[in-house]
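Presented below is the structure to which this report refers.
Any read-out appearing in this document is the output of simple, stated calculations on the displayed coordinates, not a laboratory observation. Given the structure is predicted, the values throughout are model-derived calculations rather than measurements. Positions of Cβ are backbone-derived with ideal geometry, glycine not excepted, and every protein chain shown enters the neighbour counts.
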Amino acid sequence: MTEQGRILGLDYGSKTVGIAVSDPLFITAQGITVITRKHPTKYRQTIAAIREICEEYHITRIVLGLPLGLDGIEGDRCIATRDFGSLLEEKLSIPVDFQDERFTTIEAESVIKAGGKKDPRDIKSTVDQAAAVLILETYMLRHGKN
């Protein structure tokens, strides 16, 4: 699925973007950071930060979590996410795939709490990163990469 590089997983939101990367063999995913978006309708700084990560980790594919409704229907958030994915492809010249992200935030919160974090601020600060890991792991499993 990729040519000699890693895959970047993104949990895209209006305020934050959780970031995860695969290992070079596509076996595991690791959360690396959360980008805080200062302006929900402006993308320049967000894309610049993602570009730096792509260069540092030799990213050859991006997987963007797609926030489908519980019924599997694409709503306004999906449209915004697909638009962001198109913008990433255009600006970074890296292919973007989409992965159903239903329940990833809930699962990420459960994993974080099970790991001993109880303070809601600690949970909030890592949940987007953990969700990005889950999105990327699911993608790799679906494509026989894990």
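Using the rule -39500 (n - 2.57) for each DSSP H run of four or more residues, divided by the residues of the chain, the 222 nm mean residue ellipticity is -15000 deg cm²/dmol. Charge tally around residue 19: other residues with Cβ under 9 Å, Lys/Arg +1 each, Asp/Glu -1 each, net -2. In this label model, residue 100 and residue 44 are separated by 3.9 nm, measuring between points 7 Å along each Cα→Cβ vector.
Working ranking of peptides 130-142, 11-23, 62-74 by packing, defined as the average number of other Cβ atoms within 10 Å per residue, highest first, is 130-142, 11-23, 62-74. Projected label points at residue 80 and residue 113, each 7 Å from Cα along the beta carbon direction, are separated by 2.6 nanometres.
Looking at the chain alone, DSSP beta bridges between its own residues are antiparallel in about 55 percent of cases. Each Cα pair under 8 Å and six or more residues apart adds its separation to the average, and for the chain the resulting relative contact order is 32 percent.
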